[in-house]
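These notes are about the structure you will find just below.
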Amino acid sequence: MRSIRKTTPRTLVASALLAAAALAPTAVIAPAAQAAPYCGITWGSTPKVTGYDTAQAPITDVRSGRHTCFDRVVIDVSGESGEYAVRYVTTYRAPGSGAALSLRGGAKIEVLVGNPTYDTDTGDAVYDPANPAELVSTSGYSTLRQVRLGGSFESQTSLGMGVRARLPMRAFVLDGPGSGQRLVIDVAHRW
């Protein structure tokens with residue numbers, strides 16, 4: 001003889017929950033997705049250094065540009081670019097004297113270039129800006145606040161860049177204009 005079990009609303013609910021749990025797919029917990037880097041920028045804010053060797057070709061111009069994801073400073077050289085060091089500093093100082101030079105912005109970048117602003121044979125100035133404290137206009141820039149010439153000392157030139165905050169940056173050398181080269185420094189608008 002078979003026993004008959006009495007079904008109550010409570011046993012029906014429990015049976016339905018067990019059946020649903022058995023049929024439900026196992027939940028897979030994915031690792032938290034990381035946001036893609038801003039504009040694909042992965043430069044970081046560590047120093048960009050190739051060394052401190054100098055080249056005899058003088059600097060001929062400093063210019064700047066605004067891009068969608070970063071602001072750019074370009075240092076034109078009449079020939080081969082010397083090695084460079086680009087890094088964030090707490091105090092920007094003039095070469096030779098070590099005097100502190102002010103820069104607008106929440107962070108300061110020191111750029112040392114192995115090229116002078118003068119002709120090494122004659123000592124005559126090749127790059128002699130009208131206002132060394134304001135090499136380029138930064139009006140309307142997202143990140144760049146000021147670019148100033150610290151000076152040239154022993155065939156090495158120092159520039160200071162005042163930027164909004166410590167942000168990713170990169171530095172590299174390109175050929176041109178003409179037979180010269182140019183050092184390019186980009187500072188991202190944000191992380």
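Would you check if there is a residue in segment 85-97 being within 17 Å of the chain's Cα centre (by Cα) and part of a loop (DSSP other than H, G, I, E, B)?
yes
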For segment 23-68: of the residues being open to solvent by 80 Å² or more (accessible area, probe 1.4 Å) and either small (Gly, Ala, Ser) or assigned to a helix (DSSP H, G or I) (or both), which is modelled with the highest pLDDT? Ala36
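The values are calculated or read from the model by the stated rules, or taken from the named source; none is laboratory data. Please read all numbers here as calculations on a predicted model, not as lab measurements. The protein model used for the area step is the full one, side chains on, heavy atoms only, and it has no ligands, DNA or RNA in it. Shrake-Rupley method; radii C 1.70, N 1.55, O 1.52, S 1.80 Å.
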